[in-house]
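The values are calculated or read from the model by the stated rules, or taken from the named source; none is laboratory data. Predicted, not measured: the structure shown is a model, and the values here were computed from it. FYI the Cβ positions are ideal-geometry reconstructions off the backbone, even for glycines, and counts take in every protein chain you see.
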Amino acid sequence: MIRQPEQNFCPLKSRLPDALSQAVLARIRQRVDYEPVIGIMGKTGAGKSSLCNTFFSPPPARVDAVSGCTRQVQRYTVSRGQHHLHIVDFPGIAETPERDLSYRRLYQAWSEKLDLIVWVLKADDRAWSDDIRSYRELIRAGADPQRFLFVLSQADKTEPCREWDLLNHRPSSRQHKNLQAKAALADSLFSSPHPIIAVSASENYNLHRWAEALILALPAHSSSAVSRHLAPDLRTEKVKNAAREGFVRLSGEIFDDAVGTLCLSGLLMSRLSQLRRKFLSVIRATWHLLF
């Protein structure tokens with residue numbers, strides 16, 4: 001059972017001015033209970049659903065969708081106790097020019113509502129022109145490039161596909177070089193601020209690396225909340241450390257904002273500086289109880 005923030009922070013709560021403790025704990029509680037929304041975009045057949053099912057627990061495809069039509073947005077909810085993660089699976093581009101225009105408008109309407117947009121590119125695709133066109137239209141419309149995380153899917157289908165190491169579930173040396181070249185090409189075409197990693201959901205290849213990239217790409221207010229919904233074997237120490245440190249930084253900002261709204265004496269401000277360090281130490285030590 002996950003403990004509430006008030007239980008974890010009782011020792012510090014008694015030392016803080018009432019107005020400050022109430023403001024800080026209220027915002028911490030909001031962040032602990034925050035429900036992230038992640039969008040999945042890309043070309044039809046890129047493996048968007050397979051990637052989601054491999055990453056999140058329970059798999060989103062086993063959760064009832066609000067809309068079951070493949071040409072409409074599908075919304076899934078992944079739940080862990082009282083906490084929820086929302087996955088917005090968008091219809092794939094590159095069907096027809098008319099539908100692509102409609103889908104790009106749909107992408108634009110949703111882009112500001114999402115904590116992160118995962119854009120799935122087929123690793124063995126020879127042309128990403130439709131992806132590039134749609135992505136650049138979103139950027140021109142005001143979407144933030146920091147909100148996009150690109151991933152190369154179906155790495156096991158990369159040529160020469162018959163050389164895939166089935167025993168060890170990894171690419172051959174020639175496939176590995178081709179995947180590196182495709183990742184470098186994607187980086188140059190999309191100018192991604194985040195690393196572009198090749199994965200294979202069916203072969204469980206590179207998923208740990210991509211889980212770490214996902215957590216680091218997420219804004220601090222949602223990374224911890226997303227981490228609690230990852231499949232257990234993907235909640236590595238690196239993933240947990242990245243999410244925890246992001247939440248500690250966020251908690252420091254919450255503390256500072258709350259202090260800034262109060263008129264405090266210089267002596268009290270000095271004392272609060274010490275309490276801030278203790279407060280963040282408690283946050284770091286109890287993060288695993290919150291998430």
The range 122-144 residues that are within 13 Å of ARG105 (Cβ to Cβ), paired with ones that are at pLDDT 85 or above and part of a strand (DSSP E or B) (beta carbon under 7 Å, 6 or more apart) = none
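Right, VAL282: of a type in the set (Val, Ile, Thr), over 24 Å from ILE87 (Cα atoms) and either loosely packed, with under 15 Cβ neighbours inside 10 Å or not assigned by TED's automatic domain parsing to the domain that holds CYS52 (or both) or not?
Yes; evaluated as a whole, the condition is true for this residue.
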Test: PHE150 is in the same structural domain as LEU85 (by TED's automatic domain parsing) and more than 20 Å from ASN204 (Cα to Cα) = no
One residue from GLN154, GLN146 being loosely packed, with under 14 Cβ neighbours inside 10 Å and polar (S, T, N, Q) | GLN146
When only residues in the range 25-57 that are assigned to a helix (DSSP H, G or I) and aliphatic (A, V, I, L, M) count, which is modelled with the lowest pLDDT?
-> LEU51
Would you call LEU167 surrounded by fewer than 20 Cβ atoms within 10 Å (Cβ to Cβ) and in a loop (DSSP other than H, G, I, E, B)?
-> yes
